[in-house]
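Undergrad: Provided herewith is a single structure, encoded as structure tokens, for subsequent inquiry.
The values are calculated or read from the model by the stated rules, or taken from the named source; none is laboratory data. Just so you know, these numbers come straight off a predicted model, no measurement behind them. Cβ sites come from the backbone with ideal geometry, for glycine too, and all protein chains shown count toward neighbours. Calculation scope for accessible area: heavy atoms of the full protein, side chains included, ligands and nucleic acids excluded. Shrake-Rupley method; radii C 1.70, N 1.55, O 1.52, S 1.80 Å.
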Amino acid sequence: MGTLVSFHAHPDDESIGTAGTLAKAAALGHRVVLVFATRGELGEPVPGVLAEGEQLPVRRSAECHESARVLGAARVEFLGYVDSGMMGEPSNDAPYCFWQASVEHAAKRLALILEEEEADVLTTYDDNGGYGHPDHIQVHRVGARAGELAGVPVVAQNTTNRDWLLRGMKGLRADGGADFSLDIPDDPSFGKPESEITHRVESVEYAEAKRASMRAHASQMGPDHFLLAMPDPVFAMGLGTEFYIVDAQPNPASAPELWTEVFEPLR
């Protein structure tokens, strides 16, 4: 059995980018651990979902544990920082937010968990945090340093494969596939081109676990959320394969079984 630690900025991030990977690893008998930098204090709750007096970060923390349960994750931890908000907002300047945290200090907090777990694989985000969110960019920086400090064999940066998504949506439209379309931002900072991506995780068979993980975050994703409203074939096409960038390939002699069972080279 190997151990995969998946590091995220906010509750629900694990559902969108890596839930298939986590569910697959757990189903194959590996240990899965979720670590969140913040409790998503600045998220916008679905109208009417919070009970009177219910605090959003408390609700979102509970949702993380429910998501972990449906994915098969064995442990959930929070590093204790505060949500920084979207790039350019005044909340980015708060001295206690994750964006303002010392990378070295935050990395030491994460490295303690990595060492306790004897992590074989750490998932983070690409260098632009997928779409430029400051906390996601900080996950990349902190995760890279923590992986060094703890000597994790593989650090895999989760990302969006722009080219693959665009091909898929073009194919759906050409097939008359449906009355559903996904607006992909015409922005080079969204995801990465396929040429930069090194690995993928095929997780179509875990699509329902991924949906269940999303539903667990009911304060952020109501039933009409565009991801949950996707028809099954579109969901499987768009979210059933997850993509990663691995800058330093592990030595085959030291590559954990978890790595070779779950991840596969893109080319």
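Undergrad: Could you please give the count of residues in the range 78-117 that are polar (S, T, N, Q), free of Cβ contacts under 8 Å to residues at least 40 places away in the same chain and not in a helix (DSSP H, G or I)?
TA: 1
Undergrad: Which members of the range 220-267 meet the condition of being of a type in the set (S, T, N, Q), outside any loop (DSSP other than H, G, I, E, B) and under 17 Å from the mean Cα position of the chain (by Cα)?
TA: Result: 241, single match.
Undergrad: Scan the range 247-267 for residues that are in contact with a Pro (Cβ under 9 Å, 6 or more places away or on another chain) and open to solvent by less than 60 Å² (accessible area, probe 1.4 Å) and jot them down.
TA: 250, 255, 256, 259
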